[in-house]
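Below is one structure, written out as structure tokens; the observations come after it.
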Amino acid sequence: MTHSQDRLAVVLMNLGGPDTLDAVRPYLKNLFSDPAIISLPWPLRPLVAEVISRTRTPSARQIYEQMGGRSPLLENTKAQSLVLKHVLQEQLADHIVETFIAMRYWHPLTIETVDQVKAFQPSEIILLTLYPQFSKTTTGSSFTEWYKQAKNRGLSVPTREVRSYPYDPSFIEAHAQLLTPWIKKASIYGKPRILFSAHGLPQKVIDAGDPYEKQVHQTVEAILKKIPSEVEGVVCYQSKVGPLKWLEPSTEYEIRRAGKEKTPVIIVPVAFVSEHGETLIELDRDYQRLALDLGVPFYGRVPSLGVHPAYINALVGLVINTKNKDKKNG
């Protein structure tokens with residue numbers, strides 16, 4: 001195959017979300033059937049997944065009803081995929097570049113995407129996580145599923161991974177650009193406290209060596225260097241489920257503290273790059289109501305990165321660097 005015929009497949013990997021209300025329960029069952037999420041042996045795991053998905057479906061359906069009957073995650077990811085493809089094609093003019101989306105728990109599922117990538121006949125594949133900070137429960141699970149399905153479907157092509165990018169300069173720049181105007185708005189009400197809210201994880205996952213917590217802190221430290229130094233930043237965690245001890249402090253705890261201290265708060269979804277239930281409902285509805293009830297003088301929520309040019313530049317750079325690194329190593 002000549003160089004001019006190189007075909008690059010870039011696979012954007014994310015969680016996925018139900019596309020109809022009827023999809024909520026099977027989506028939840030897929031989620032809780034993942035051994036990276038529920039670490040019980042077979043056949044206990046599918047039984048537990050069945051019970052949890054059945055129990056949680058009614059409340060989850062209510063959340064998706066408020067988002068128009070479906071998750072916006074796929075729509076957002078498609079937008080990122082299109083812009084990324086356009087910029088990559090410009091920068092890799094001697095390649096044919098195609099972007100694909102592989103969702104872990106709902107369509108397009110990894111098995112479907114493997115078939116699409118195989119039909120494209122790539123000369124190389126780059127797996128691009130849309131989780132900036134690595135966890136075995138997110139990126140690790142997505143990569144494991146990819147290699148399993150690729151093997152099952154006979155897709156054998158050189159494959160490289162963008163595993164995480166917690167302090168990539170363009171990624172940090174995107175956060176800083178989105179955050180800065182909110183600091184000015186909040187400062188009218190006093191010295192603002194920025195709550196960098198990340199999806200929580202059970203403490204036992206971190207204790208077993210998962211780098212997620214450390215990488216979240218690396219992201220926050222890098223952002224704080226790019227914004228006014230007098231602003232206070234706090235890392236906190238949202239979306240806790242179940243009785244286990246999870247990462248602390250919780251976002252709810254920090255909002256309650258801000259209420260007591262009458263401190264204006266700005267929420268930054270530091271581990272999410274697309275809008276979905278955790279941002280649109282948990283942050284924009286539930287926590288905003290809580291802040292209002294507690295007398296927090298200002299509650300602002302910075303949008304997720306989406307197709308912000310600096311974030312797209314980060315993804316482009318990560319793909320090209322990953323590709324070139326392989327060439328240097330032969």
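Helix 212-224 against the longest principal axis of the chain: what's the angle in degrees, Cα atoms only, rounded to the nearest 10? The two axes meet at around 70 degrees.
Just so you know, the averaged projected area of the alpha carbon convex hull for segment 172-231 sits at 4.7 nm².
Each 10 Å bin, from zero up to the one with the longest distance, holds this percent of the alpha carbon pairs of segment 53-158: 12, 37, 35, 12, 3, 0.
From the P(r) of the chain, can you give the percent of Cα pairs sitting at distances over 32 Å? Result: 31 percent of Cα pairs exceed 32 Å. Remark: C-alpha extents of segment 200-243 on the principal axes read 38, 20, 10 Å, sorted largest to smallest. Since only S81, V241, A174 are under comparison, the one whose Cα sits farthest along the positive direction of the charge dipole of the chain, derived from C-beta charges on Lys, Arg, Asp and Glu, is V241.
Rounded to the nearest 10 degrees, the inclination of helix 110-120 to the longest alpha-carbon principal axis of the chain is 40 degrees. Compute the long axis of helix 309-328 from its Cα atoms, compare it with the longest principal axis of the Cα atoms of the chain, and write down the angle in degrees, 0 to 90, nearest 10. Between the helix axis and the principal axis of the chain, the angle is about 40 degrees. Normalised per residue, the accessible area of segment 205-273 is 48 Å², obtained with a 1.4 Å probe and no contribution from ligands, DNA or RNA.
In whole percent, how big is the carbon plus sulfur part of the accessible area of the chain, probe 1.4 Å, protein atoms only? The value for the chain is 55 percent carbon and sulfur by accessible area. Charge dipole of the chain (Cα centre as origin; +1 on each Lys and Arg Cβ, -1 on each Asp and Glu Cβ, all else neutral): 380 debye, rounded to the nearest 20. Put simply, segment 57-100 fits an ellipsoid with semi-axes of 35, 8, 5 Å; these come from the alpha carbon gyration tensor as the roots of five times its eigenvalues, largest first. Think of the chain as a dipole: +1 on every Lys or Arg Cβ, -1 on every Asp or Glu Cβ, centred on the Cα centre; then among I188, I206, A119, I206 lies furthest on the positive end. Packing order of peptides 221-231, 176-186, 40-50, highest average first: 176-186, 221-231, 40-50 (average count of other Cβ atoms within 10 Å over each peptide's residues). Mean residue ellipticity, 222 nm, helices only, the chain: the sum of -39500 (n - 2.57) across DSSP H runs of n ≥ 4, divided by residue count and rounded to 500, is -14500 deg cm²/dmol.
The values are calculated or read from the model by the stated rules, or taken from the named source; none is laboratory data. All of these numbers come straight from a predicted model, not from anything done at the bench. We place every Cβ from the backbone using ideal geometry, glycine too, and count neighbours over all the protein chains shown. Ligands, DNA and RNA are excluded from the accessible area calculation, which covers all protein heavy atoms including side chains. Shrake-Rupley method; radii C 1.70, N 1.55, O 1.52, S 1.80 Å.
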